[in-house]
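Reading through the structure tokens given below for one structure.
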Amino acid sequence: MIQDTIIELKKELPSDVTLVAVSKFHPFQAIVEAYNAGQRIFAESRPQELLSKQRELEAHNDMPGLKWHFIGHLQTNKLKMVLPYVSLVESVDSVHLLDAIEKWGEANDKTTNVLLEYHISSDVTKQGFSKAEIMSIFTDAPNRYHHIRFRGLMGMATHTTDEAVIRADFRKITTLAGQIKAITNISDIIDVNNFELSFGMSGDWRIAVECGSTMVRIGTLIFGNRVY
Ligand SMILES: *Cc1c(COP(=O)(O)O)cnc(C)c1O
């Protein structure tokens, strides 16, 4: 079941769109099944859960190439549970967090790959930066952040069945990406040709791909409903 879905999704996704399997709230065995179907990138949203799955991974020395993304709200006192293990933090949602990641990177001599979470939805409960905040980060970045690589943007659409609303939300991300790429000397800070736009989940990934997503984060469709 997990394997079939992974294979189907890989067939349907354009080759330049990365599939991130969101394994939060699912057991490590589910990750093993997806791995055996060829999936390599998994995402977790809670530091403790990521850490315990990382320990299970270390005990399984036969899963080379597995990568973790972090997609949840990250508190600055939990960085050491997350940053050593992840290839990408997709959910950076404050300057306070960026500053803490920079400080951790300096102390540990490590560079962290991040996406900035852009608040595109009309749901007030969702996290993320405004457009103005993101533009000012990219304008200030050269002097402030030496241990952070800005790999792109992440966003979540409004929780609705109205496709027009979802499309309008997603287009905010591609529009902002265009504006970022137009900043003078931005190529010193970002890889303009590989600027990731992470949007699209189980319910809206097809729309996301049509709107220019380069990375979809899919949980329920692959692993079934989460048991909280
Ligand atoms: C849980 C989660 C997902 C996956 O959601 P599904 O609807 O299960 O595919 C994607 N992105 C983020 C940030 C999440 O927290």
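Values quoted throughout were computed directly from the atomic coordinates according to the rules given, and no laboratory measurement underlies them. All values derive from a computational prediction rather than experimental measurement. Note: ideal-geometry Cβ built from the backbone for every residue, glycine included; neighbour counts use all protein chains shown.
Structure above, values below:
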{"read-out": "Positive minus negative residues near residue 190 (Lys, Arg vs Asp, Glu; Cβ under 14 Å)", "value": "-1"}
{"read-out": "Sequence of 11, 24 once ranked by neighbouring C-beta atoms within 10 Å, starting from the fewest", "value": "11, 24"}
{"read-out": "Fewest-first ranking of 159, 96, using other Cβ atoms within 10 Å as the exposure measure", "value": "96, 159"}
{"read-out": "Dipole of the chain, positive end: most advanced residue of 141, 108, 23 [Cβ charges, Cα centre]", "value": "108"}
{"read-out": "Rg and Dmax [Cα atoms of segment 28-147; Å; Rg one decimal, Dmax integer]", "value": "15.6, 45"}
{"read-out": "Sum of side-chain charges, residue 46 neighbourhood, beta-carbon under 12 Å (Lys, Arg +1; Asp, Glu -1)", "value": "+2"}
{"read-out": "For residue 88, net neighbour charge (Lys/Arg +1, Asp/Glu -1) across residues whose Cβ lies under 14 Å away", "value": "+1"}
{"read-out": "Projected area, mean over directions - the chain, Cα convex hull, nm²", "value": "12.4 nm²"}
{"read-out": "The chain - percent relative contact order, Cα under 8 Å, separation 6 or more", "value": "20 percent"}
{"read-out": "The chain - mean residue ellipticity at 222 nm from DSSP helices (-39,500 (n - 2.57) per run, n ≥ 4, rounded to 500)", "value": "-12500 deg cm²/dmol"}
{"read-out": "Share, in percent, of DSSP beta bridges within the chain that are antiparallel, nearest 5", "value": "0 percent"}
{"read-out": "Rounded to the nearest 20 debye, dipole of the chain from Cβ charges on Lys, Arg, Asp, Glu", "value": "160 debye"}
{"read-out": "Cα-based convex hull, segment 1-92, per residue volume (Å³, whole number)", "value": "96 Å³"}
{"read-out": "Ranked 28, 170, criterion: other C-beta atoms within 10 Å, fewest first", "value": "28, 170"}
